[in-house]
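To keep things clear, I will list the structure first and then write my remarks on it.
The values are calculated or read from the model by the stated rules, or taken from the named source; none is laboratory data. As the structure is a prediction and not an experimental result, all values here were calculated from the model. Note that each Cβ is placed from the backbone with ideal geometry, even for glycine, and that neighbours are counted across all protein chains shown. The protein model used for the area step is the full one, side chains on, heavy atoms only, and it has no ligands, DNA or RNA in it. Shrake-Rupley method; radii C 1.70, N 1.55, O 1.52, S 1.80 Å.
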Amino acid sequence: MPTSGSASERRGAARTAVVWSGLQPVWDRAAGQDVLDIGGGTGGFAVRVAELGHRVRVVDPSPDALAALDRRARESGVEVTGQQGDLSSLLDVAEPGSADVVLCHGVLEVVDDPAAALATIARVLRPGGVLSLLVAQRHAAVVARAMAGHFEQARAILDGTPLGQQSPAGRAARRFTHEELTDLLSTAGFTITTTHAVRVFSDLVPGSLLDLEPGATTALLELEEAVSERAEYRPLAAQLHVVASH
């Protein structure tokens with residue numbers, strides 16, 4: 001996690017560090033894997049994967065994001081293929097059984113049918129393939145809305161209504177509990193390998209503390225990693241990161 005840059009950048013790095021740590025065994029299991037990053041945007045994650053020697057393809061609906069991905073990959077000296085599309089049209093751009101690893105980070109919240117989306121991902125994966133799924137977690141969203149004084153939004157999220165932050169496409173974002181995620185993945189034929197609580201404390205720590213307190217950034221990252229695999233902290237996490245095999 002960087003110790004320079006803005007507090008928001010360091011918070012973002014804390015999230016990435018926990019997710020990256022959870023995926024390290026996946027990258028280490030074999031060289032030159034075929035990785036599909038759904039909604040990978042400008043390639044902040046995809047380029048790092050390519051730098052490890054894996055073949056990476058990003059599917060994203062934004063042509064501007066894909067152009068930025070191409071620039072980022074060229075600047076890093078790696079090749080990442082970008083294709084315009086989304087989960088609803090995934091099988092138009094990715095053949096069944098073509099991926100060893102699928103990254104689906106921050107996407108399941110805004111699809112029309114999460115169960116159908118996971119079933120599509122299962123078709124794209126090869127037997128024994130791995131899904132990395134990062135989603136917003138409901139309990140923490142309820143607390144965050146209530147603490148901000150948005151009590152009606154907190155109640156709606158508590159009841160499972162997709163109300164609140166809107167996606168770029170204008171669709172309301174869902175939040176998931178660990179139990180709901182487990183059921184969805186099981187129905188789609190996935191077996192969960194690991195679950196990580198992400199951003200348990202990062203969203204609660206004042207930015208001024210990260211800016212002014214020496215060593216606070218490093219200590220925050222160590223704390224986030226220490227609680228990431230403890231089940232009792234999952235309800236406090238802004239996000240859940242699940243690694244599952246199919």
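Working only within the range 210-234, note down all residues that are more than 29 Å from residue 125 (Cβ to Cβ) and in contact (Cβ under 8 Å) with a residue 60 or more places away in the chain.
210, 211, 217, 218, 220, 221
Before we move on, is residue 116 within 29 Å of residue 42 (Cβ to Cβ), within 18 Å of the chain's Cα centre (by Cα), open to solvent by 20 Å² or more (accessible area, probe 1.4 Å) and modelled with pLDDT of 90 or more?
Working: within 29 Å of residue 42 (Cβ to Cβ): yes; within 18 Å of the chain's Cα centre (by Cα): no; open to solvent by 20 Å² or more (accessible area, probe 1.4 Å): yes; modelled with pLDDT of 90 or more: yes.
When the stated conditions are applied, residue 116 does not pass them.
Sort out which residues of the range 63-110 are out of contact with any Gly (no Cβ under 7 Å at 6 or more places or on another chain), free of Cβ contacts under 8 Å to residues at least 24 places away in the same chain and open to solvent by 60 Å² or more (accessible area, probe 1.4 Å), and write them in order of number.
63, 64, 71, 74, 75, 77
Of all the helices (runs of 4 or more DSSP H) wholly in the range 178-246, which have at least 3 residues that are open to solvent by 70 Å² or more (accessible area, probe 1.4 Å) and closer than 29 Å to residue 102 by Cβ?
Here the list reads 178-187.
Here are the criteria: (1) modelled with pLDDT of 95 or more; (2) β-branched (Val, Ile, Thr); (3) part of a helix (DSSP H, G or I). Tell me which single one residue 142 does not satisfy.
It fails just one condition, (1).
Taking the stated definitions as given, is residue 52 open to solvent by less than 10 Å² (accessible area, probe 1.4 Å) and out of contact with any His (no Cβ under 8 Å at 6 or more places or on another chain)?
no
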